[in-house]
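A quick write-up on the structure given underneath.
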Amino acid sequence: MTALGDLMREPSPSGRFGEYGGRFVPESLVPACQELERAFRLAWADPSFRGELDHLLRTYGGRPTPVTECHRLSEELGLRILLKREDLNHTGSHKLNNVIGQALLARRMGKSRLVAETGAGQHGVATATAAALFGMECTVYMGAVDVARQELNVFRMNLLGATVRPVESGSKTLKDAINETLRDWVATVETTHYCLGSVMGPHPYPFLVRELQRVVGEEARSQCRQVLGDADPDIVVACVGGGSNAAGTFAGFVDSGARLVGVEAAGGAAMGHGIPGVVHGMRSKFLQDEEGQILEAESISAGLDYPGIGPEHAQLGDAGRAEYGQASDEEVLAAFRLLARTEGILPALEPCHGLAWIVREAGRSIPRGSAVLLTMSGRGDKDVALVLEHSR
Amino acid sequence: MTERPPGRLEAVLRARRDNGQKLLVPYLMGGLGEEWPAVLEAVAAAGADAVEVGIAFSDPMIDGQTIQEASVRALAGGATPERVVASLASADVGGTPLVVMTYYNIIARAGEHRMAQSLAESGVSGAIVPDLPADEIDSWQAEAFAAGLDTVLLAAPTTPDARLKMIAGKASGFLYAVGVMGVTGERTKLAESALEIARRCKEASDLPVLVGVGVTTPEQAVTICRVADGVVVGSALVRRLLDGEGPDGAAELVGSFRKVLDAAFSTA
Ligand SMILES: Cc1ncc(COP(=O)(O)O)c(C=O)c1O
């Protein structure tokens, strides 16, 4: 087992986080993954790349995002709640951090086209945005079910010049969109970069995306210290689909004393009910049946509708450094209303999972008076219509 | 690397190849239609040198629409790894080697040891696991070897030479040269890349080299076999089965490949 001090650093040469991770892709894609790993390591060690990324995140993306102390919500819950405001990023979620980095990398590798999968549409919108910014072609694969429930994001991607391809196979959600994006990439790998949206997939993606999201946790650590009088929060919470906003957040706190909690959708809880397996290029935990067929996740929030989880979370969970809770659709809708009413923030449904968990655990596993940081991974504009539907 | 005598799949294919015959390996989906075991027997009798049998997976990432559709139908029809393998044990294929093709999660879920043993006990002589590249093959391969199974590895047009050598060193049974960058499926035109990767594989290895992915017509097979030792014919056969053709239709297609290949290379 990995020593706690070694967590969230370099994966092994084969891309392992403990027993998870790896590079389980058809041979056609292995050289592309190797090329990407080489390019990323060089770029990440190159001050001019880091400088350009930083500049873009500031002047285009709106970083640093603030940490907001929620006074009225805190009073209601008997806790001290801080939000890391990734919802204030350009395009409305943390996804932009990853995408700007990958688009820069793609350009450096001489690729002229981006492909991406999307669930809620946030990663698709972010990718389409980066493609527009860099003058690249862009195709986004999105499950047909998600196309229907996130109509506005489809239109946004179209406005940004991207082609959105509805995916009719399997459960018609995120997992199938990933399959279809991989199929595109196999055929187009010479000109195309697969801009993967979370800390998942074959090595180096889980590592690369975590590094690109690390900025969330690092900023939050020092911002929390200012608010909390040089102390770290007692608990750090983030929602988990594939796990990128959580991984970025945790990376900033893994060596602190904070309790780290990832919150999954009850209907897509790979940490809660998953079994180790190998899908989408990685060994991790997946909802699957006796035979190894992958099960369909089911959640009100398209962004968490994924039957797996990034491999590093599986490691963090097994090592006991992070724990993984769940929230139901009803709890999530209640949390959405609570935050809107008490703080004037309309959150995306994904981070409402984190909030719902906090609400449930306040005074139970979270002692009254605790300082709790929640990563507000995205804003709720995309979900307002859905919430309206559920109010009827 | 193969510190063991070749398995039966490799032995049979090598012997025929060395005898001047071109190798024909059709692919069909286990559990696709109730009469699929009859299709398997008919295909074996129609001149296949080995038959590749797919065990359906919910997320077949390297497969195009035809094999995706076949997977969906097989799963809907109740195909499980256990049932498919049991049918293989009772099929009368007249000694034709059987190669199972499935995704790694199916093996991981069953357990590598258990899967290797059960395949071997059912008379299967090799496995193709497309999402298990050479770098990740070791633990499976140890179990496969212990059970007497060959593990076919893929080589792609993008595989660099040094890596191709490494793959050739680890592969057994045959070397599967992926003819095009892309998913499985029929192609009306033969890709340049098919001949190029076949040539590179032949240079890198003494194993039988078979080209698969995109091989659709007997004429394409002939062109490929001027360089390669044989072909894998997948989607072209599976599409017929999806269209409702049974053992006779399948045998007819495989027979036509056999006839054209034999005619083209009889004096070669
Ligand atoms: C706002 C928001 N948060 C979270 C997620 C889940 O992704 P991850 O777990 O990678 O952070 C999404 C995915 O679409 C999202 O849009």
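Some points to look at:
- Burial of 40 Å² or greater, the stretch B:45-82 residues [accessible area, probe 1.4 Å, versus chain by itself]: B:S58, B:D59, B:M61, B:I62, B:Q68
- Positive-end residue of B:I128, B:M181, B:H113, charge dipole of the stretch B:8-264 with Cβ unit charges: B:M181
- Considering only B:I67, B:T96, A:Q102, the residue lying farthest towards the positive end of the dipole of the protein assembly as shown is A:Q102, judged by Cα position with unit charges set on Cβ.
- The calculated P(r) of the protein assembly as shown, using every Cα pair and 10 Å bins from 0, goes 3, 16, 26, 23, 16, 10, 4, 1, 0 in percent.
- Estimated FRET transfer efficiency (A:A148, B:D18; beta-carbon r; R0 60 Å; 0.05): 0.55
- Potential lengthening between A:S48 and A:A319 on full extension [0.36 nm per residue; Cα-Cα distance subtracted]: 94.0 nm
- Listed pairs A:K172/B:K259; A:K172/B:K165; A:K84/A:K175 exceeding 31 Å between Cα atoms: A:K172/B:K259; A:K172/B:K165
- The mean accessible area for residues of the stretch B:8-264, using a 1.4 Å probe and ignoring ligands and nucleic acids, is 34 Å² per residue.
- Estimated dipole of the protein assembly as shown in Debye, rounded to 20 [Cβ of Lys and Arg +1, of Asp and Glu -1, Cα centre]: 1420
- Label-zone membership for the stretch A:275-317, site A:R392, 7 angstrom Cα→C-beta point, backbone N under 19 Å: A:300-301
- Simple spin-label estimate for A:E218 and B:E82 gives 5.1 nm between the two label positions (7 Å along the Cα-to-Cβ direction from each Cα).
- Protein-protein interface of the stretch B:150-170, residues with accessible area decrease of at least 20 Å², isolated chain reference, 1.4 Å probe: B:L154, B:A156, B:T158, B:R163
- Percent of beta bridges antiparallel (DSSP, the protein assembly as shown, rounded to nearest 5): 20
- In this view, the solvent-accessible surface of A:H280, computed with a 1.4 Å probe and all protein chains in place, comes to about 10 Å².
- The stretch A:97-140: C-alpha pair distances exceeding 12 Å, %: 51
- Taking 7 Å steps out from each Cα toward its Cβ at A:L133 and A:A3 produces label points 3.9 nm apart.
- With contacts taken as Cα pairs under 8 Å and at least 6 residues apart, the stretch B:8-264 reaches a relative contact order of 24 percent.
- Measuring nothing but protein heavy atoms, the accessible surface of chain A at 1.4 Å probe radius is 50 percent carbon and sulfur.
- Other residues whose C-beta falls under 15 angstrom from the C-beta of A:A319 contribute a net charge of -1, scoring Lys and Arg +1 and Asp and Glu -1.
- Summed side-chain charge close to A:P202 - residues other than A:P202 whose Cβ falls under 11 Å, Lys, Arg +1, Asp, Glu -1: -2
- Per residue, the accessible area of chain A comes to 33 Å² when a 1.4 Å probe rolls over the protein heavy atoms.
- Legend: Rg and Dmax of the stretch B:8-264, from Cα coordinates, 16.4, 45 Å.
- Mean separation of Cα contacts under 8 Å, 6 or more apart, over the residue count of chain A: relative contact order %: 20
- The stretch A:261-338 - charge dipole about Cα centre, Lys and Arg +1 at Cβ, Asp and Glu -1, debye rounded to 20: 340
- Rounded percent of accessible protein surface that carbon and sulfur make up, the stretch B:1-87, 1.4 Å probe: 49
- Buried surface between chains B and A: roughly 2800 Å² of accessible area, summed over both sides, computed with a 1.4 Å probe on protein heavy atoms only.
- Adding -39500 (n - 2.57) for every DSSP H run of four residues or longer, then dividing by how many residues chain A holds, sets the calculated 222 nm ellipticity at -13500 deg cm²/dmol.
- B:R17 contributes about 40 Å² of solvent-accessible surface, heavy atoms of the protein only, 1.4 Å probe.
- Buried on complex formation within the stretch A:1-42 (loss of at least 10 square angstrom of accessible surface versus the isolated chain, 1.4 Å probe, ligands and nucleic acids ignored): A:R16, A:R23, A:F24, A:V25, A:P26, A:E27, A:S28, A:V30, A:P31, A:Q34.
The values are calculated or read from the model by the stated rules, or taken from the named source; none is laboratory data. From a predicted model like this one, the values you see are computed outputs, not experimental measurements. All Cβ positions, glycine included, derive from the backbone under ideal geometry; neighbour counts span all protein chains shown. The accessibility values were calculated without ligands, DNA or RNA, using every heavy atom of the protein model including side chains. Shrake-Rupley method; radii C 1.70, N 1.55, O 1.52, S 1.80 Å.
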